[in-house]
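Please read the structure below before turning to the comments.
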C-alpha cells in the first residue's frame, strides 16, 4: 500500500495549513474595527461576503505556500509572507474606500463585494507568485 506512504506528510501539511488559515482569519477579524462574525450571525450578508472573500484569499495564499514549500518550516515562513500580503491588500481597500467599513455594518453590498474581489484576486496573484 505505497499509496498511503506519504499520509503522515499530507496530514502534517494539511493541519499546518488549517492552523495558518485559522490564524489568518483570527488576525483578520481582530484587525477589522467591528466583529464580523457577530455581523454574519446577525444575518448581515455584506459582512458574510467580505469575510468569505478574505477567507478565500487567505486560503489560496496558504495553499500555494504549502505547495511551494520544501518542508514545514518553509511553509510557515512563506505562509506568513503570503498572509502579510493579504493584510496589505485589505489595508489598501480601507485606504481607497474609507467609508466602506461603516457601509458593511449597514449591510451595503458594494464595498463588501469589492473587498471580497480584491482579497480573492490578490490571493490568486499571491498563489502564483509563491509557485516559483
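The values are calculated or read from the model by the stated rules, or taken from the named source; none is laboratory data. Bear in mind the structure is a predicted one, so any value in this text is a computation, not a measurement. Positions of Cβ are backbone-derived with ideal geometry, glycine not excepted, and every protein chain shown enters the neighbour counts.
Checking every residue in the stretch 62-72 against the condition of being assigned to a helix (DSSP H, G or I), within 17 Å of residue 28 (Cα to Cα) and modelled with pLDDT under 90 gives zero matches. In the set 20, 56, 15, only one residue is modelled with pLDDT of 95 or more and closer than 17 Å to residue 126 by Cα; that residue is 56. What do you reckon, is residue 106 modelled with pLDDT of 95 or more and over 16 Å from residue 18 (Cβ atoms)? Criteria not met by residue 106.
Among the conditions (1) surrounded by 20 or more Cβ atoms within 10 Å (Cβ to Cβ); (2) farther than 21 Å from residue 130 by Cα, residue 24 misses just one, which is (2).
Taking residue 76, is it surrounded by fewer than 20 Cβ atoms within 10 Å (Cβ to Cβ), part of a helix (DSSP H, G or I), in contact (Cβ under 8 Å) with a residue 60 or more places away in the chain and over 12 Å from the mean Cα position of the chain (by Cα)? Yes; evaluated as a whole, the condition is true for this residue.
Kindly provide the set of residues from the stretch 1-47 that are assigned to a helix (DSSP H, G or I), closer than 12 Å to residue 104 by Cα and touching a residue at least 12 places away in the same chain (Cβ under 8 Å), ordered by number. Matches in the stretch 1-47: 36, 39, 45, 46, 47. Out of 103, 57, one residue alone is touching a residue at least 60 places away in the same chain (Cβ under 8 Å) and surrounded by 13 or more Cβ atoms within 10 Å (Cβ to Cβ). It is 57. Applying the criterion of being loosely packed, with under 14 Cβ neighbours inside 10 Å and in contact (Cβ under 8 Å) with a residue 12 or more places away in the chain to the residues of the stretch 107-132, the residue that is nearest to residue 97 (Cα to Cα) is 128.
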